[in-house]
Every structure is written in C-alpha cells, then in structure tokens.
Amino acid sequence: MRITMIGTGYVGLVSGVCFSDFGHDVTCVDLSEEKVARLNAGEVPIYEPGLDSLMARNVAAGRLSFTTDLAAAVDGAEAVFIAVGTPSRRGDGHADLSYVMAAAEQVGRALTGYAVVVTKSTVPVGTNRAVAEAVRRAAPEAEFDVASNPEFLREGAAIDDFMKPDRVIVGVESERAAQVMAAVYRPLYLREFPVVTTDLESAELIKYAANAFLATKITFINEIAHLCERVGADVKEVARGIGLDGRIGNKFLHAGPGYGGSCFPKDTRALARIGQEAAVPQTITEAVIRANEATKARMVDKLRDLVGGRFNGKTVAVLGATFKPGTDDMRDSPSLTVVPALVGGGATVRVVDPQGRREGEDLLPGVTWHDDPYEAAAGADLVAILTAWNEFRALDLPRMAEAMATPRMADLRNVYAPDMLRDAGFEAVFVGRAPVERAADG
Ligand code: UDX
C-alpha cells in the first residue's frame, strides 16, 4: 500500500523507514530542502542504532523516498501520516499544534481520493477532530477519515520498539478507516502483536497517560531514593523488593538524576495543562513535574557537598551529557541542570559523551569536550557519571583514581558497586545508597 509520512523528525523518520521495511511504498515529506537532500544522499540526520542500514536497504529496494513536494506525495496515498513536531508552547506548557494544523490543511488541499489522515504526533485530546475539520475546510468535497496512532518509541531502541511493539494503538471513527489501519499494521498482526482499536479520544489520552505513568514511576523511585539516603536503606534493594511484585513490575524503577528526553517532560506538562483546561487537575502528574525538577537540583547539591561545599576552583569530569545512552538527544537532560551549575559555580568542567557533543556544544557553554574519560579525569577533583553509556560502565577504576587530584566519584546512575569504588580508593556518592567515605589517611 502507499503511505505518506509528513515530517522526518524522530518519529516520522523511524516510522517511515520501518513501514517501508514492512513492504509498504513510503514517501517521506519534509519542508526542509536541506534535510531532504541529505536524506536522499543516504545521510541519517539523527543517531539511532540500525536506522542507517534499514533506510539504505529500503531506498535501494525502491520502497522509500524523500521529497519536499507534499502534494505529489499525498496524491494516491491510502494513509497519510502527520508526524510533525508538537513542542511545548512557551509559557503555558501546552503542545504547540501549529505544525500539525498546517500539515492537515495542506493534506486537505492535496487529497485526490479516499485516504486516512493519521496523526502520529503526540497531541492533546480533541486534536484529531480539529485535524478533521482543518482537512474538511481545505477540501469540502474530499473523501477521508482521520485516525489517531500515537507512537511509543524509545530513543536508542526505536527500531525494535516499532517492529516488536508491546501494542499498537489505533483510534478511528469508521470501519473503512479501521480497515486501512489494519492493512498498515498487517505485518504485525501476522506476528500477533496486539493492536488496540479504539475511539479517537481514548487513543489520544492513552499516549499521555502512558508517558505520565512511566514518569511517575521513575519519580516515585527517585523520591524513595532520597529517603533511602536519609534512613540508611539501599534503593537498589528497595526497587528489587517492590519490583518483584508482578503488579508493580521491575521496569522503570532505576533511580537516577531525574528523567529527561523528548517525551516525558513535554508530555507530563501537556497532560497537566489538559487537566487544568478540563477542570480536572492532574495533581499526581503536577507533583511529578515538580519532584523531577527537585531531583535534578538535588544532584547539584550532592556534587557540591562531595567537593567540600564549593565548586569554585575545582575540576570536574562529567561523564555523559545526553538524557540517556544510545542517543545524541540532549533535550531536558539532567546535564542541562548540573553542568551550568558547575560552570556557574566556578568549576572547570570537562565533558565526555560518545554522541552528545554535536548538540551539546551549543547547549553547554564554557566546558571542554573530551573523547577519553581517563583524559578528562586526569588531575580532576571529581568524576560525575550522569549517563550510563556502556563506555562508562566498565572503567578501570584504580587507573582513574590514580590519575585524579582527589579521587571522588558521583555515580548518579548507580553503575558501580560501592565496594568497587572503595577498593579503588574513591570517595563516592550515589543516588539512594550509602556513600563511600574517604579512606582514612595512612
Ligand atoms: C519515552 C518512552 O519510553 C516512550 O515509550 C515514549 O514514546 C517516549 O518517551 P525515551 O524518552 O526515548 O522514551 O526514553 P526512556 O528510555 O523511556 O527514558 C526516559 C528518561 O527516563 C531518561 O531520562 C531515563 O534516564 C529516565 N529513566 C528511565 C530513569 O531515570 N529510570 C528508569 O528506570 C527509566
């Protein structure tokens, strides 16, 4: 079947490439001439493991192409996906729908036969109806339906998430649209991944509820971690102990420096806003947003305490700038809170990140970038692990400690066992576990 994907950002590009790998004939559309030229030259503008080879394979097979010509791409397509950005609007936290609405209108003008206009972007409840109205206004005679098909991709695991989803959510209003969406996802039906077909509003809300729930779970364990530090418990033990209860589950219970990324911060803010507008405040989600900010700020205090109360004059090696491993994405990363506090406090900051440098150079002024964690740690007063990249999970700790001015480690992802750090000569702090005190001199 013929599919059009509007928007070649993260979700659009991954979805377009994966649909073409299902065997569909996919045209991806983007406004940016430069981006389309790069894609046509085989360049993948984002870092996502496996995406480049999958893209090359499907382009070579003639199933995947890129264009700026929206009208030509929509002509004859059975499903037109809108996967443009919905950034948080400045000031009020609401999702900015101007790109979605502009795309809907252009699609309306370009429709030549029946098509399903599918919104993949994460949009507030009611947006699909607004999309339908925008298409209708642009093309009063057109035959079309709308569908809501939110995406649950995790950066760094996006291809696997797309090909082997826990579930696919499809919100529709007509049987005809349901059939087109069934055809889009037929390769998954064959492998028996559940496809939940529901109404438009439920589909829209499922996405926000899922992300807010996951953000809540992380924030819950982060608060418990803080309590663990006060009462002498170990959050890893607590997480394991509660996670074995099948009703709770062990995933997303890793305490850390706070959640970041392109989804959780934006979607929790948007859900809070949707709740306020509906006069049903989402008090839990609102508390999660505040608690996550507090968690990030608490990391700064932790680092400051570890270096004796002042950053001034200290050299700090920060390992990890991206919001999680396997991505080059810096959006709402805890590093954006921690690093400016270090720099502002007068520290000399060296940052190591396997993928974050390109984006991070603008976002983190006043630091130097290094490729090698040992080089960054040499002569430093503190090493802070902010992102659990594999590159930082098996460090030669004695070698690192030896090279530092004072061997101190803030392991904000609880990568290392306290004993390992103690044996290597580190003074160390974690999230939700007892610190490793400084070894007595002599
Ligand atoms: C998330 C959702 O998982 C995905 O379904 C949705 O479509 C988009 O948002 P993503 O932002 O790529 O995906 O990353 P994810 O792996 O979920 O991690 C989000 C943040 O939570 C990261 O900052 C991560 O470090 C943090 N996290 C996650 C924790 O601190 N602890 C955990 O146990 C899990």
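In this view, the solvent-accessible surface of residue 94, computed with a 1.4 Å probe and all protein chains in place, comes to about 20 Å².
Counting only other residues whose beta carbon sits under 12 Å from that of residue 345, what net charge do I get with K and R as +1, D and E as -1? Walk me through the numbers before you get to the answer.
Numbers: positive: 304, 310, 314; negative: 301.
Charge balance near residue 345 sits at +2.
Kirkwood Rh over alpha-carbon pairs of segment 2-198, then Stokes-Einstein at 20 °C and 1.002 mPa s: what D in µm² s⁻¹, rounded to an integer?
On the way: Rh = 16.7 Å.
Approximately 128 µm²/s, per Stokes-Einstein.
The residue 68 and residue 293 beta-carbon pair, evaluated with R₀ = 30 Å, returns a calculated FRET efficiency of approximately 0.15.
When the charge dipole of segment 324-378 is built from unit charges on Cβ atoms (+1 for Lys and Arg, -1 for Asp and Glu) and taken about the Cα centre, the candidate among 374, 343, 356 whose Cα reaches farthest toward its positive end is 343. Pairwise Cα distances in segment 237-335 exceed 17 Å in 66 percent of cases. In terms of overall dimensions, segment 328-371 has a Cα radius of gyration and Dmax of 9.7, 27 angstrom.
Here residue 88 sits with roughly 40 square angstrom of accessible surface, probe radius 1.4 Å.
For the chain, the longest principal axis of the Cα atoms and the long axis of helix 200-231 meet at an angle of about 10 degrees. The C-alpha atoms of the chain define a longest principal axis, and helix 175-184 lies at about 50 degrees to it. Mind checking the angle between helix 98-110 and the chain's longest principal axis? C-alpha axes, 0 to 90 degrees, to the nearest 10. With rounding to tens, the tilt is 20 degrees.
Put +1 on the Cβ of each Lys and Arg and -1 on the Cβ of each Asp and Glu in segment 189-294; which of 210, 244, 283 then has its Cα farthest toward the positive end of the dipole? Positive-end residue among those listed: 244.
If each DSSP helix of 4+ residues adds -39,500 (n - 2.57) and the sum is divided by the residues in the chain, what number results at 222 nm, nearest 500 deg cm²/dmol? It would help to have the intermediate numbers written out before the result.
Working: 18 runs with 195 residues, N = 442.
It comes out at -13500 deg cm²/dmol, rounded to the nearest 500.
Across every pair of non-identical alpha carbons in segment 333-421, the mean reciprocal distance, once inverted, gives a Kirkwood radius of 13.5 Å.
Which value, in Å to one decimal place, does the Kirkwood hydrodynamic radius take for segment 1-99 when every pair of different Cα atoms is included? Provide the component values of the computation, followed by the final result.
On the way: mean 1/r = 0.0726 Å⁻¹.
That comes to 13.8 Å for segment 1-99.
If you model the chain as an ellipsoid using its alpha carbon gyration tensor, with each semi-axis the square root of five times an eigenvalue, the axes come out at 44, 23, 19 Å, biggest first. Once the C-beta distance of residue 362 and residue 213 is scaled by a Förster radius of 41 Å, the resulting FRET efficiency is 0.80 to the nearest 0.05.
Grab the other residues whose beta carbon is less than 14 angstrom from that of residue 52, score K and R as +1, D and E as -1, and report the net. Don't skip to the end; give the middle numbers.
Working: positive: 38, 57; negative: 21, 43, 48, 328.
Local net charge: -2.
Relative to the compact globular guide of 2.2 N^0.38 Å, what is the alpha carbon radius of gyration of segment 234-442, as a ratio?
Values: Rg = 17.8 Å, N = 209, 2.2 N^0.38 = 16.8 Å.
It is 1.06.
Multiplying the residue separation of residue 112 and residue 53 by 0.36 nm and removing their Cα-Cα distance gives an extension gain of 17.9 nm.
Between exposed GluC sites (Glu not before Pro) in the chain, where DSSP calls loop and at most 13 other Cβ atoms lie within 10 Å, what's the longest gap?
On the way: sites that count: 43, 141, 143, 192, 437.
Free of exposed loop sites, the longest segment is 193-436.
Magnitude of the charge dipole for the chain, about its Cα centre and with charges confined to Cβ atoms of Lys, Arg (+1) and Asp, Glu (-1), is about 720 debye. Average accessible surface for segment 105-152: 37 Å² per residue, computed with a 1.4 Å probe over protein heavy atoms with every protein chain in place.
Taking the charge dipole of the chain about its Cα centre, with +1 at Lys and Arg Cβ atoms and -1 at Asp and Glu Cβ atoms, the residue from 71, 271, 18 reaching farthest to the positive side is 271.
The values are calculated or read from the model by the stated rules, or taken from the named source; none is laboratory data. Bear in mind that the values here come from a model prediction, so they are computed numbers and not experimental data. As a convention, Cβ positions derive from the backbone with ideal geometry for all residues, glycine included, and neighbour counts pool all protein chains shown. Just so you know, the surface numbers come from the protein's heavy atoms only, side chains and all, with ligands and any DNA or RNA stripped out. Shrake-Rupley method; radii C 1.70, N 1.55, O 1.52, S 1.80 Å.
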